[in-house]
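Taken together, the values in this text are just the output of simple stated rules run on the coordinates, not laboratory data. Keep in mind that this is a model prediction, so the values were computed, not measured. Here Cβ is always computed from backbone atoms with ideal geometry, including for glycine, and neighbour counts include all displayed protein chains.
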Amino acid sequence: MEIILIGYMGSGKSTIGKILSEKTEIPFFDLDQIIEEKEKMTVKEIFQRKGEIYFRKVESLYFNDFVANNDHYILSLGGGTPCYANNHEKLQLPEIASFYLKVPIADLVKRLTEEKENRPLVAQLNVEELEDYIRKHLFDRNFYYHQAKHTIDASQPTDEVVAEILRKLT
Ligand code: S3P
């Protein structure tokens, strides 16, 4: 079983992925973590030292490499992964169940205000700037996010999000 979770920063991809993994016993992987292990730097450090273009290059590289070499996983992507190179094409592969965890802007602002430190794209923004930034960003990214086979309302309680994904998988 091959499951990919996508969605904006703060949409709960890693949290949902871990719970889903416990329930299904399918191993969980987080692309940001894979990148950090391979590059021996945090995502924040990669942005600071090498820049975003380098980050996008290695992000696509490790994503494509992972999909080509694994066949039993739950993989959460970074918020931007489906929006660069041809990465979104993987979401449509017949063997992959892809889920877009959709969260309203107001909830994303709330969640990201609390946990933006390690997210270089939004770390410097105040609350008003954050809302504006997310709105524009989602406008650009919507097309890619909707390439996922399923869209899940991820503003629901975590257990319900997981239950909905499990229902779609059966
Ligand atoms: C990014 C999202 C982050 C991380 C990087 C860029 C984005 O992942 O890959 O900071 O472009 O949306 P999370 O969505 O896991 O925070």
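Here are the numbers for this structure:
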quantity	calculated
Choice from Gly17, Gly80, Gly51 with maximal GNM fluctuation in the chain (Cα, 10 Å cutoff)	Gly51
Set of lysines near Lys57 by C-alpha distance (under 28 Å), chain-local residues within fewer than 8 positions excluded	Lys13, Lys18, Lys38, Lys40, Lys44, Lys90, Lys102, Lys116, Lys136, Lys149
Sequence-distant residues sharing a close amide H with Leu75 (under 5 Å, placed H)	Ile3, Ile4, Leu5, Phe29
Sequence of Lys23, Lys18, Lys102 once ranked by neighbouring C-beta atoms within 10 Å, starting from the fewest	Lys23, Lys18, Lys102
P(r) of segment 118-170 over all Cα-Cα pairs, binned every 10 Å from zero, in whole percent	19, 34, 36, 11, 0
Sites Leu169 and Asn126 - FRET efficiency at Förster radius 41 Å, r taken between beta-carbons, to 0.05	0.55
Cut-off 13 Å between beta-carbons: net charge of the residues surrounding Pro104, Lys and Arg +1, Asp and Glu -1	+1
Stretch gain in nm, segment Lys44-Lys57, where the contour uses 0.36 nm per residue and the Cα spacing is subtracted	3.2 nm
Estimated vicinal HN-Hα couplings, Hz - segment 35-47 in sequence order (Karplus 6.51, -1.76, 1.60; Gly, Pro = x)	4, 5, 5, 5, 8, 6, 8, 6, 4, 4, 5, 4, 4
Residue-span extension gain [Asn142 to Ala85] - 0.36 nm each, minus C-alpha spacing	19.0 nm
Kirkwood-type radius of segment 73-170, with distances r between different C-alpha atoms, in Å	14.7 Å
Segment Lys23-Ile105, extension gain: residue separation times 0.36 nm, minus the distance between their alpha carbons	26.6 nm
Calculated FRET value between Glu37 and Lys149, using beta carbons and R₀ = 41 Å, to 0.05	0.90
Sorted by Cβ density within 10 Å, fewest first, the residues Ile26, Ile35, Ile53	Ile53, Ile26, Ile35
Stokes-Einstein translational diffusion, segment 2-169 - Kirkwood Rh over all Cα pairs, 1.567 mPa s, 4 °C, in µm²/s	80 µm²/s
For segment 104-151 versus segment 1-73, the gap between their alpha-carbon centres in whole angstrom	18 Å
